[in-house]
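I have placed the structure first, in the form of structure tokens, so that the comments after it can refer back to it.
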Amino acid sequence: MAAVTYRHPEALASPQWLADHLEDPSVRVVDARFDLRATAEGVLEAVAERDAYSEAHIPGAVFVDVMGDLADPEDPVVVVPPDRFEALMGRLGIANHNTVVVYDDKGGTWAARLWWALRYYGHEPVKLLDGGFTRWEAEERPLESEVPEPSPTVFRARVRPELRVDADQVMRAIGDDDICIVDALPELFFTGEARLYPSHRAGHIPTAYNVPAPANVDPSTQTLLPATELARLWEPVGLGPERRVITYCGGGVYAAFALFALHVMGHENAALYDRLVDGVGRRPPPAGGNGPEQCDV
């Protein structure tokens, strides 16, 4: 494969870039650390890492609970409606003119939920910290425990409907050669070997490809893979400038990171299925297969 480059490198903030802009009044930093932990019963539990944030965070960073603050209380796996998102951004001191840098300690796979939500609501100047808190801390850059109290601001949401799809649109996309459906969960969930939570249906949406969100990240550095490696990872999907991509997972987090990787590579014809995957039929793939499956819903 010929060498390729990131088409949107500006979507990544290096630790040095952020260090140089910590005092910039137009920049806002958001800590979105989150984790999934197994309970004694073996069930995965989503935990916002507020305690870790309180112990140490990047100077000036405010905290966002990816699943709590960004979830619609009427429907916990759908992004909050515009008015609630505006109120949240206003409380965090984020206005439309601000450049937002979001980070976590999982290579950006959780922080991307806010990256997507900001873009969905019309906010373009948003970056993920490449390597996140892990790299920042490893490079011995400054940390603080003081929780900032940002001055309230006004944020106006402008919905970009092309960045989000619903169950009906996904149903119509099944088997459509012009649309590629991508499951961003790890392979054991895609194959039906495991479930995220008790109500999570095993398997995957028919015809979906599996590109796990963590596979886009170098596990040793928590940075996004180099462009050539990203292109190789996504090559089986058959991306083309005219082919639309729909990403999904179990709650809109890993799917958002898949969109981030696509954006960095320059593939803009992509959207998030921001809904419980249970809304669309699923079946485990045939034995030995990890590619798309042709079957009925």
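The values are calculated or read from the model by the stated rules, or taken from the named source; none is laboratory data. Note that the structure is predicted; figures quoted are calculated from it, not measured. Cβ sites come from the backbone with ideal geometry, for glycine too, and all protein chains shown count toward neighbours. Accessible surface areas use protein heavy atoms only, side chains included; no ligands, DNA or RNA. Shrake-Rupley method; radii C 1.70, N 1.55, O 1.52, S 1.80 Å.
With the checklist (1) open to solvent by 60 Å² or more (accessible area, probe 1.4 Å); (2) more than 21 Å from the chain's Cα centre (by Cα) in hand, flag the one item Q169 doesn't pass.
(2)
Looking at segment 204-221 only, could you name the residues that are crowded, with 18+ Cβ neighbours inside 10 Å and farther than 16 Å from R232 by Cβ?
Keep residues of segment 204-221 that are crowded, with 18+ Cβ neighbours inside 10 Å, which gives 204-213, 215-217.
Once the filter is applied, which keeps residues that are crowded, with 18+ Cβ neighbours inside 10 Å and farther than 16 Å from R232 by Cβ, segment 204-221 yields H204, I205, P206, T207, A208, A213.
State yes or no: is T153 touching a residue at least 60 places away in the same chain (Cβ under 8 Å), open to solvent by less than 30 Å² (accessible area, probe 1.4 Å) and among the polar types (S, T, N, Q)? Write out each step before concluding.
Details: touching a residue at least 60 places away in the same chain (Cβ under 8 Å): yes; open to solvent by less than 30 Å² (accessible area, probe 1.4 Å): no; among the polar types (S, T, N, Q): yes.
It is false that T153 is touching a residue at least 60 places away in the same chain (Cβ under 8 Å), open to solvent by less than 30 Å² (accessible area, probe 1.4 Å) and among the polar types (S, T, N, Q).
Any residue at all in segment 57-69 that is at pLDDT below 95 and of a type in the set (A, V, I, L, M)?
Looking for residues that are at pLDDT below 95 and of a type in the set (A, V, I, L, M), one finds at least one in segment 57-69, hence yes.
Please go through segment 161-180 and pick out each residue that is in a helix (DSSP H, G or I) and free of Cβ contacts under 8 Å to residues at least 24 places away in the same chain. Steps first, please.
If we filter segment 161-180 for residues that are in a helix (DSSP H, G or I), which is where we start, we get 161-163, 167-173.
Residues satisfying the conditions are P161, D168, R172.
Going through segment 222-242 one residue at a time, which ones are in contact with a Phe, Trp or Tyr (Cβ under 6 Å, 6 or more places away or on another chain) and open to solvent by 10 Å² or more (accessible area, probe 1.4 Å)? Break it down into steps so the answer makes sense when it comes.
Taking segment 222-242 first, the residues in contact with a Phe, Trp or Tyr (Cβ under 6 Å, 6 or more places away or on another chain) are 227, 237.
Across segment 222-242, the qualifying residue is only A227.
Any residue at all in segment 58-68 that is farther than 23 Å from V147 by Cα and not hydrophobic (A, V, I, L, M, F, W, C)?
Among the residues of segment 58-68, not one is farther than 23 Å from V147 by Cα and not hydrophobic (A, V, I, L, M, F, W, C), which makes the answer no.
Residues of segment 19-41 being outside any strand (DSSP E or B) and either at pLDDT 95 or above or open to solvent by less than 60 Å² (accessible area, probe 1.4 Å) (or both), which ones? First the steps, then the outcome.
Going residue by residue through segment 19-41, those that are outside any strand (DSSP E or B) are 19-26, 32-33, 39-41.
Residues satisfying the conditions are A19, D20, H21, L22, E23, D24, P25, S26, A32, R33, T39.
R201: open to solvent by 50 Å² or more (accessible area, probe 1.4 Å), without any contact (Cβ under 8 Å) to a residue 12 or more places away in the chain and either touching a helix residue (DSSP H, G or I) at 6+ places or on another chain (Cβ under 7 Å) or within 26 Å of V77 (Cα to Cα) (or both), yes or no?
Values: open to solvent by 50 Å² or more (accessible area, probe 1.4 Å): yes; without any contact (Cβ under 8 Å) to a residue 12 or more places away in the chain: no; either touching a helix residue (DSSP H, G or I) at 6+ places or on another chain (Cβ under 7 Å) or within 26 Å of V77 (Cα to Cα) (or both): yes.
Spelling it out, it is not the case that R201 is open to solvent by 50 Å² or more (accessible area, probe 1.4 Å), without any contact (Cβ under 8 Å) to a residue 12 or more places away in the chain and either touching a helix residue (DSSP H, G or I) at 6+ places or on another chain (Cβ under 7 Å) or within 26 Å of V77 (Cα to Cα) (or both).
Within segment 75-90, can one find any residue that is in contact with a Ser or Thr (Cβ under 9 Å, 6 or more places away or on another chain) and within 20 Å of P161 (Cα to Cα)? If you could, list the steps in order and put the result at the bottom.
Narrowing segment 75-90 to residues in contact with a Ser or Thr (Cβ under 9 Å, 6 or more places away or on another chain): 89-90.
After this cut, where a residue has to be within 20 Å of P161 (Cα to Cα) as well, the list is 89.
Within segment 75-90, one or more residues are in contact with a Ser or Thr (Cβ under 9 Å, 6 or more places away or on another chain) and within 20 Å of P161 (Cα to Cα).
May I ask you to verify whether R158 is open to solvent by 10 Å² or more (accessible area, probe 1.4 Å), among the basic types (K, R), assigned to a loop (DSSP other than H, G, I, E, B) and free of Cβ contacts under 8 Å to residues at least 60 places away in the same chain? Quick ask: steps written out before the conclusion?
Details: open to solvent by 10 Å² or more (accessible area, probe 1.4 Å): yes; among the basic types (K, R): yes; assigned to a loop (DSSP other than H, G, I, E, B): yes; free of Cβ contacts under 8 Å to residues at least 60 places away in the same chain: yes.
Judged against the criteria, R158 is a match.
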